[in-house]
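Undergrad: Handing you a structure now.
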Amino acid sequence: MSFVPAGPAGRNEGEKVKILLLTWGCDRDDVSEAAIAYRWVREIANRHEVVLFSVSLPDRFGCVREQFPDLVVHEWRDIRVPRWMERFRSVAKPGYFFYFSKAREFVRDLVLQHDFDLIHHLNPFAWRYPSPAYGLGLPLVRGPLAGGLPTPAPLGGEVSEALHPYKFLRLTDKWRKRWDRRLIKAYRHTDCVLAAAPYVLDLLKPLPVKRSAIEIEHGLTGQQSHRTRPEKGNVNNKIELLFVGRVVRTKGVRDAIRAVAIMATRDKVHFTIIGDGEDMGNCRALATSLGLGNLVEFRGWCAKDVVEAAYEQADIFLFPSFREPTGGVLLEAMVHGLPCVTCDYGGPSYMVVDQCGFKVPPAEPGQYANLLANHLDLLVNDPALRQTMGQSAREHAVQNFDWSKKMARLDVLYSSLSNL
């Protein structure tokens with residue numbers, strides 16, 4: 001075991017530290033960010049002494065204490081909003097701006113009451129929310145931060161978004177990074193920013209970032225990491241292509257359908273699309289207009305066990321999402337030993353290395369579909385390449401994104417900061 005010098009009293013790497021964890025939304029029974037935050041808290045608390053300060057939805061107040069009976073938990077209730085504003089609450093987090101000042105006072109009191117080694121503010125994962133825990137005399141870790149990825153220019157014309165009220169945050173991003181004193185000060189006094197992918201660090205510019213590390217928000221459990229891939233039986237002797245995710249324009253389902261239509265090997269494949277969303281009607285109509293017939297199967301939303309079975313029966317994971325902050329489904333596909341064809345942009349550009357599949361640069365729709373089709377043809381025509389890339393994908397996922405590996409890296413970070 002190595003040691004990090006800390007003046008007269010050094011701390012061993014891997015030694016327990018006492019941490020104040022801050023979360024905005026932490027609920028294993030929720031979806032997306034709140035469920036991911038729950039997992040982070042659970043993994044960190046398994047290795048360190050933790051006091052948790054969390055915010056929960058009004059209708060879920062008390063759930064954090066129930067889910068962490070082994071921890072000291074301070075739970076706050078988010079503001080109530082009318083039902084029609086729930087989407088606004090989810091995206092814009094209006095309660096955060098009421099929370100910030102009061103939370104800062106509360107966190108200051110907690111710091112005085114406890115002998116913490118450091119503070120880790122997990123979420124919101126979006127970078128634009130300043131931490132209330134800066135400048136309190138303790139090292140501060142923020143993140144993992146993700147999101148805010150702009151649409152790549154060649155595909156910008158394909159995405160038409162109504163100017164919903166919650167979009168105002170993006171419109172003020174450039175101004176806030178230069179002129180929002182509270183935001184700038186919070187980052188200046190943050191000792192390490194965890195970014196879900198390298199693009200996040202580019203988005204943060206010109207905010208002051210002392211130190212950073214790349215750590216995606218997703219992780220693999222031990223059960224996932226030790227899974228063995230079962231023997232698969234091809235459906236009608238076809239090579240199975242699989243997409244899993246929301247069916248919205250930025251996920252690239254239309255691009256995937258166009259690519260399948262122009263594949264030289266299209267007669268050898270079957271394409272399964274699992275997921276639902278606002279672009280489903282357009283995708284069905286496109287598949288019909290391109291004469292794909294039974295080549296494309298829309299299965300809609302599916303239960304977890306059905307999705308699991310689909311991964312096991314697939315040969316290639318096709319995920320051309322062109323505004324993907326990270327890509328949890330990519331991680332699922334990789335640990336199932338699937339070679340991936342994805343977009344060389346955002347989170348997928350970081351997660352999928354060259355040995356694991358093909359990354360296609362975002363281009364105008366016609367060219368993008370052609371590039372996707374060309375790489376799919378390579379994999380369809382080369383079983384050995386599929387096997388090699390699939391095995392590399394699994395190894396890469398387990399070696400880099402297993403929770404035990406992620407937490408070991410975090411231990412080193414905590415140790416170095418708590419010795420400051």
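Each value in this text was obtained by applying a stated rule to the coordinates, not by laboratory testing. Keep in mind it's a predicted model, so treat the numbers as computed, not measured. No Cβ is skipped: glycine too gets one built from the backbone with ideal geometry, and neighbour counts run over all protein chains shown.
Undergrad: Only counting other Cβ atoms within 10 Å, I'd like F298, F243, F98 sorted with the fewest neighbours first. It would help to have the intermediate numbers written out before the result.
TA: Values: F298 16, F243 26, F98 11.
In increasing order of surrounding Cβ atoms, one gets F98, F298, F243.
Undergrad: By how many nm would the segment from Q113 to N370 lengthen if fully extended, with 0.36 nm per residue of separation less the alpha-carbon distance?
TA: That works out to 86.4 nm of additional length.
Undergrad: A follow-up question, please. If one takes the longest principal axis of the Cα atoms in the chain, at what angle in degrees, from 0 to 90 and to the nearest 10, does the Cα axis of helix 95-113 lie?
TA: Between helix and principal axis, roughly 50 degrees.
Undergrad: Among L122, L112, L242, L295, what is the fewest-to-most ranking by other Cβ atoms within 10 Å?
TA: Details: L122 27, L112 9, L242 23, L295 19.
Fewest-to-most Cβ neighbours within 10 Å comes out as L112, L295, L242, L122.
Undergrad: Does the stretch 274-420 come out rounded, prolate or oblate by the C-alpha gyration tensor, with a ≥ b ≥ c the root eigenvalues, rounded set by a/c under 1.5 and, if not, prolate when a/b is larger than b/c and oblate if not? Kindly include the intermediate steps, with their values, before the conclusion.
TA: Working: a/c = 1.87, a/b = 1.78, b/c = 1.05.
Prolate shape, in that a/c is at least 1.5 and a/b is the bigger ratio.
Undergrad: Mean-square fluctuation check for the chain, GNM, Cα pairs under 10 Å: which of H270, H396, H48 is largest?
TA: Sorting by GNM fluctuation, first place goes to H48.
Undergrad: With the Cα gyration tensor of the stretch 362-420 giving a ≥ b ≥ c as the square roots of its eigenvalues, does the rule (a/c under 1.5 for rounded; else a/b larger than b/c for prolate; else oblate) give rounded, prolate or oblate?
TA: Numbers: a/c = 6.84, a/b = 2.13, b/c = 3.22.
Oblate is the answer for the stretch 362-420, as a/c is 1.5 or above yet b/c matches or exceeds a/b.
Undergrad: Separate question: Between G62, G147, G327, where does the largest GNM mean-square fluctuation fall for the chain, given springs only between Cα atoms within less than 10 Å?
TA: G62
Undergrad: Please say if the stretch 338-386 is rounded, prolate or oblate, where rounded means a/c under 1.5 for a ≥ b ≥ c the square roots of the C-alpha gyration tensor eigenvalues, and otherwise the choice is prolate for a/b larger than b/c and oblate otherwise?
TA: Oblate shape, in that a/c is at least 1.5 and b/c is the bigger or equal ratio.
Undergrad: Taking H placed 1.01 Å from N in the peptide plane, check which residues at least 5 places from I239 or on another chain put their amide H under 5 Å from its amide H.
TA: Excluding prolines and chain starts, which carry no amide H, the hits are V269, H270.
Undergrad: Pairs K268/K406; K177/K304; K93/K251; K102/K251; K174/K359; K16/K304: which are spaced more than 32 Å apart, C-alpha to C-alpha?
TA: Values: K268/K406 39 Å; K177/K304 40 Å; K93/K251 24 Å; K102/K251 38 Å; K174/K359 29 Å; K16/K304 35 Å.
Checking Cα-Cα distances, K268/K406; K177/K304; K102/K251; K16/K304 exceed 32 Å.
Undergrad: Something else now. Can you list residues whose amide H is under 5 Å from H74's amide H, if they're 5+ apart or on another chain and H is modeled 1.01 Å from N?
TA: Correct list: L52, F53, S54.
Undergrad: Could you give the nm distance between label points at E15 and A384, where each point is 7 Å from its Cα heading toward the beta carbon?
TA: 5.3
Undergrad: Check C343: other-chain or 5+ apart residues with amide H under 5 Å from its amide H, H built from backbone geometry?
TA: S321, V360
Undergrad: While we're on this one: Fewest to most neighbouring Cβ within 10 Å: what's the order for I36, I184?
TA: Ordered from fewest to most neighbouring Cβ atoms within 10 Å, I36, I184 come out as I184, I36.
Undergrad: Hey, in the GNM for the chain with a 10 angstrom Cα cutoff, which one of F88, F358, F271 fluctuates hardest?
TA: Per the Cα network of the chain with a 10 Å cutoff, F88 tops the list.
Undergrad: Let me ask another. Tell me, what HN-Hα J-couplings in whole Hz come from the Karplus equation 6.51 cos²θ - 1.76 cosθ + 1.60 at θ = phi - 60° for each residue of the stretch 292-298, using x for Gly and Pro?
TA: Couplings: 7, x, 7, 5, 10, 10, 8 Hz.
Undergrad: Now for a separate question. Across the stretch 115-124, in residue order, what do the Karplus-derived ³J(HN,Hα) couplings come to in whole Hz, using 6.51 cos²θ - 1.76 cosθ + 1.60 with θ = phi - 60° and x for Gly and Pro?
TA: Going residue by residue, I get 9, 6, 8, 6, 10, 10, 9, 6, 9, x Hz, with x marking Gly and Pro.
Undergrad: So, one more: In the chain, what % of DSSP beta bridges are antiparallel (nearest 5)? Please report the intermediate quantities before stating the final value.
TA: Details: 2 of 49 bridges.
Among the beta bridges of the chain, antiparallel pairing accounts for roughly 5 percent.
Undergrad: Here's something else I'd like to know. Specify the angular offset, from 0 to 90 degrees and rounded to the nearest 10, of the alpha carbon long axis of helix 253-262 from the longest principal axis of the alpha carbons in the chain.
TA: 30
Undergrad: Just from its helices, what would the mean residue ellipticity at 222 nm be for the chain, if runs of 4 or more DSSP H residues each count -39500 (n - 2.57) and the sum is divided by every residue, rounded to the nearest 500 deg cm²/dmol?
TA: Working: 17 runs with 170 residues, N = 420.
The helix-only estimate for the chain comes to -12000 deg cm²/dmol at 222 nm.
Undergrad: Where the only charges are on Cβ atoms (+1 Lys, Arg; -1 Asp, Glu), what is the dipole of the chain about its Cα centre, to the nearest 20 debye?
TA: Working: 54 positive and 48 negative charges, 288 e Å.
Around 1380 debye, computed over the chain.
Undergrad: What FRET efficiency comes out for R246 versus V353 if R0 is 25 angstrom and r is the Cβ-Cβ distance? Round to the nearest 0.05.
TA: Numbers: r = 25 Å, r/R0 = 1.00.
With a Förster radius of 25 Å, E is 0.50.
Undergrad: Using a cut-off of under 18 Å, list every residue of the stretch 301-338 whose amide N is near the label point 7 Å from the Cα of E395 along the Cα-to-beta-carbon line.
TA: Output list for this probe position: 334-338.
Undergrad: Mind checking the full-extension length gain between F100 and D70? Use 0.36 nm per residue of separation minus the Cα-Cα distance, one decimal, nm. Please report the intermediate quantities before stating the final value.
TA: Working: separation 30, 0.36 × 30 = 10.80 nm, distance 2.67 nm.
Gain in length upon complete extension: 8.1 nm.
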